[in-house]
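This report concerns only the one structure given below.
Every read-out reported here was derived from the displayed coordinates using simple, explicitly stated rules and does not represent laboratory data. In this text the structure is predicted, and so the values were computed from the model without any measurement. Here Cβ is always computed from backbone atoms with ideal geometry, including for glycine, and neighbour counts include all displayed protein chains.
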Amino acid sequence: MNLNLTGKNALVCGSTQGLGWATAVELALLGANVTLLARDEAKLQARLADLDVRLGQQHGYEVADFSKPDTVRAALERHQQRVPLTHLLINNTGGPAGGPILDAKPEAFIAAFEAHLICNQLLVQALVPGMKTAGYGRIINVISTSVKQPLPGLGVSNTIRGAVAQWAKTLAGELGPFGITVNNVLPGYTRTARLDAVAQMRAQASGKSQEDIEKAMMADIPVGRFGEAAEFGAAAAFLCTPAAAYINGINLPVDGGRTSSL
């Protein structure tokens with residue numbers, strides 16, 4: 001099985017913590033040159049120092065805030081001056097705030113749409129021409145199992161994640177003939193800051209303890225535990241390899257079997 005990413009350049013968004021960082025680590029372990037992209041430069045510098053550098057690898061970082069698409073444009077310009085060809089793109093950013101959909105203000109939908117879909121669009125429009133030239137490209141979108149089964153209390157997120165999934169499926173059909181695949185990886189309950197925030201929100205709403213909320217969440221997972229970020233990163237990294245060339249346009253849950261739909 002060919003899992004070698006030596007000589008491939010990766011841009012990993014939201015990569016100072018959680019799922020983005022875990023994916024960046026796995027890509028580097030497979031040989032890719034990794035550029036980290038996030039909004040906190042101090043954290044980026046610390047994470048860059050944490051990345052193992054193997055023979056010939058060159059890692060870097062760029063600063064951008066996905067709530068401000070213009071900063072993403074500027075980061076892309078800097079990135080392409082340093083790395084003219086990017087083979088692997090991991091689209092990932094923090095999820096919208098939780099809450100019932102009926103209570104959500106219209107502005108919350110607009111902000112989430114810009115941060116998730118519009119920024120994704122800016123990234124692929126800038127990087128896909130190089131992927132076409134190389135005849136090799138992998139676009140991975142970190143979304144949510146809510147695209148298969150909406151999650152209670154995450155109204156804005158459920159809505160916007162669904163839009164990104166449809167965008168990605170359309171893109172997969174357009175880019176497949178060029179050796180570029182587009183896939184969505186759907187994290188379930190994974191030990192990250194996002195999971196802590198969701199559990200705290202549910203605890204406050206229900207009057208129960210966070211520990212009780214987490215036990216109830218875990219009870220819905222067939223494997224009986226929360227996932228680890230590294231397990232998600234391994235799945236996302238695999239889809240970036242030559243071995244995954246015939247996997248295109250899918251939603252891959254990494255959720256321990258929790259999602260009840262196929």
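Highest GNM mean-square fluctuation, the chain, Cα pairs closer than 10 Å: which of G179, G227, G56? The residue with the greatest mean-square fluctuation here is G56. With all pairs of different C-alpha atoms in the average, the Kirkwood value for the hydrodynamic radius of the chain is 18.6 Å.
Computed from the Cβ-Cβ distance with R0 of 25 Å, the FRET efficiency linking K105 to Q166 stands at 0.60. Of all aspartates and glutamates in the structure, those lying under 16 Å Cα to Cα from K148, and not within fewer than 8 positions of it along the same chain, are D220, D255. Among 81-92, 109-120, sorting by the average number of other beta carbon atoms lying within 10 angstrom of each residue, highest first, gives 81-92, 109-120.
Against the chain, whose longest principal axis is taken from its Cα atoms, helix 229-238 shows a tilt of about 40°. Net length available on complete extension from T133 to V63 is 22.6 nm, with 0.36 nm assigned per residue and the Cα-Cα distance removed. Pairs spanning more than 24 Å between alpha-carbon atoms, out of K132/K169; K105/K208; K43/K208: K105/K208; K43/K208. Just checking the listed ones, V124, V25, V223: in the Gaussian network model of the chain with Cα springs under 10 Å, the one fluctuating most is V223. Placing +1 on each Lys and Arg Cβ and -1 on each Asp and Glu Cβ, with no other charges, gives the chain a dipole about its Cα centre of roughly 360 debye.
The calculated FRET efficiency for the pair R82 and M1, based on their C-beta separation and a Förster distance of 51 Å, comes to about 0.95. Per residue, the average separation of C-alpha pairs within less than 8 Å and at least 6 apart gives the chain a relative contact order of 21 percent.
Explain nothing, just the number: relative contact order of the stretch 137-246, from Cα pairs under 8 Å at least 6 residues apart, as a whole percent. It rounds to 30 percent for the stretch 137-246. Give me the aspartates and glutamates in straight-line cross-link reach of K68: C-alpha distance below 19 Å, same-chain residues under 8 apart excluded. Qualifying aspartates and glutamates at Cα under 19 Å: D40, E41, E77, E107, E114. Taking 0.36 nm per residue of separation and subtracting the Cα-Cα distance, full extension of the segment from E114 to S206 would add 30.0 nm.
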